[in-house]
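The values are calculated or read from the model by the stated rules, or taken from the named source; none is laboratory data. Quick caveat: nothing in here was measured; it's all calculated off a predicted structure. The accessibility values were calculated without ligands, DNA or RNA, using every heavy atom of the protein model including side chains. Shrake-Rupley method; radii C 1.70, N 1.55, O 1.52, S 1.80 Å.
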Amino acid sequence: MKLYTFVQLAETALFAAVLLYGLLIWRPSLAALGGGLLVGKATLNILWPEGGTLLRRSIVGYAVGALYVAIAIAAIHFLT
């Protein structure tokens, strides 16, 4: 297994653990953060065929993830 692949899998496992931990301790904002990190990671990998540097794809991917977290936390605040 290549190092890059291992790092991708480790990050995904860590982000999923953050999401699960937030769910288990009844902290929806923490669960939203874990979900946002996973959305960012997914977006980064979805953009791979489009080309561009890893840095550019990471910035775009995690910006999408941050937007997801902001919307989720706003929804949690106003709907609960």
With Rg and Dmax of the Cα atoms in Å defined as stated, name the option among [x] 13.8, 45; [y] 16.1, 54; [z] 17.7, 61 computed from the structure displayed.
[x]
As a check on your grasp of the helix formula, calculate [θ] at 222 nm for the chain: sum -39500 (n - 2.57) over DSSP H runs of n ≥ 4, divide by the residue count, round to the nearest 500.
-29500 deg cm²/dmol
Degrees between helix 3-24 axis and first principal axis of the chain (Cα, 0 to 90, nearest 10):
10 degrees
Run the numbers on the chain and let me know its relative contact order in percent, using alpha-carbon pairs under 8 Å that are six or more apart.
26 percent
Hey, what's the stretch 28-80 come to in accessible area per residue, 1.4 Å probe, Å²?
62 Å²
Can you list the HN-Hα couplings for the stretch 33-46, worked out from phi with the Karplus curve (6.51, -1.76, 1.60; θ = phi - 60°), rounded to whole Hz and with x for Gly and Pro?
4, x, x, x, 5, 5, 4, x, 5, 5, 4, 4, 6, 5
Output the 0 to 90 degree angle, nearest 10, between the alpha-carbon long axis of helix 54-79 and the longest principal axis computed from the alpha carbons of the chain.
10 degrees
